[in-house]
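Working notes, structure below.
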Amino acid sequence: TAMQCAASSDQVTLGEEWATLHGMSTLYVILLIGATVRLTLLFTTDALLEPFRVLVEWRIKLRFAYMIRCDWCLSFWAGLAVFTFGHYAPPTLVLILTGALTASLVAGWLSTFSAAVEAKMWRDGEDG
């Protein structure tokens, strides 16, 4: 409990425990968050899983089918799965998988940003 943590000098205090999310480093948590975002986008918007979304929408009543395209809805479940995986799986496996998903997320963002900058440069060049 919090009182036991604060009472013993060789135990982590409650504030420190929460600052590291129960022993998870900041980098570890950032990778878990990045993996959550990437998995959410993979399931809700990526063309790769469009056939899966269509199948789910076809098989499930329309009332619940919107959740497969809703970032807010699906991100809760993705986060729950990713953080549970991060807590129980071997750290090396977690770092490899979350690192790959987070790298994919960042690469996608950067390529989108780069394409927008390039398009603006072309438009500005035509105006000049």
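Values for this structure:
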| item | result |
| --- | --- |
| Those residues of region 61-101 which are β-branched (Val, Ile, Thr) and in contact with a helix residue (DSSP H, G or I) (Cβ under 8 Å, 6 or more places away or on another chain), in sequence order | Ile68, Val82, Val94, Thr98 |
| Within region 70-111, tally of residues that are loosely packed, with under 10 Cβ neighbours inside 10 Å and over 19 Å from Met24 (Cβ atoms) | 1 |
| All positions within region 112-127 that are open to solvent by less than 100 Å² (accessible area, probe 1.4 Å) and either under 16 Å from Gly34 (Cβ atoms) or not charged (D, E, K, R) (or both) | Thr112, Ser114, Ala115, Ala116, Val117, Ala119, Gly125 |
| Matching residues in region 14-65 - criterion: being loosely packed, with under 12 Cβ neighbours inside 10 Å, acidic (Asp, Glu) and at pLDDT below 90 | Glu16 |
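The values are calculated or read from the model by the stated rules, or taken from the named source; none is laboratory data. Model, not experiment: these values are computed from the prediction. Please note: Cβ atoms are built from the backbone with ideal geometry, for glycine as well, and neighbour counts cover all protein chains shown. Quick note on the areas: whole protein, heavy atoms, side chains included, nothing else; ligands and nucleic acids left out. Shrake-Rupley method; radii C 1.70, N 1.55, O 1.52, S 1.80 Å.
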